[in-house]
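Every number here is computed from the coordinates shown, using simple stated rules; none is lab data. Note that the structure is predicted; figures quoted are calculated from it, not measured. All Cβ positions, even for glycine, are placed from backbone atoms using ideal geometry, and neighbour counts span all protein chains on display.
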Amino acid sequence: MSDSDKPGSDAGKDRIDGGGDAELKARLNRLGNAIAGARAEAISERQAGPRDGKANSGIGQAVKLSSEFIAGVVVGGVLGYTLDYFAGTAPFGLIVLVLLGFAAGVRNLVRASQRMGGSQTDNDGDAGKDSR
């Protein structure tokens, strides 16, 4: 063990001090300013949202699509049950409105998936045809 490595030795003190207190304070201020700037930038990025425009993750898209479909079926079932309860037409109102809810759910599912995929189709169904 050398003299500078011993616990009470003052030989290594010059390496730590560098240029004195003024330089150390200046470095500390620069570091503090850099940290404050990085924090402000990180906060502004979090508030701005995602940069690439993809706000939905894969799981988020799957949950959205499944909820679109399930909502249509559930609403159809609730309306059908209510119609049967008040009109006394059990089970025909429930069956018809659940089927209509299923169709509405599929339609909403197709619409939402087209919006997510960015594909634009015409309402008359000739999206795949050549438009010459």
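Which ones in the range 75-109 are farther than 30 Å from A62 by Cα and crowded, with 16+ Cβ neighbours inside 10 Å?
L83, D84, G93
Give me the pairs: first residue in the range 19-44 and assigned to a helix (DSSP H, G or I), second residue surrounded by 10 or more Cβ atoms within 10 Å (Cβ to Cβ), beta-carbon distance under 7 Å, and six or more apart or on different chains, which are they?
L24/G18
Residues in the range 66-87: is at least one among the hydroxyl-bearing types (S, T, Y) and touching a helix residue (DSSP H, G or I) at 6+ places or on another chain (Cβ under 7 Å)?
Checked the range 66-87: at least one residue is among the hydroxyl-bearing types (S, T, Y) and touching a helix residue (DSSP H, G or I) at 6+ places or on another chain (Cβ under 7 Å).
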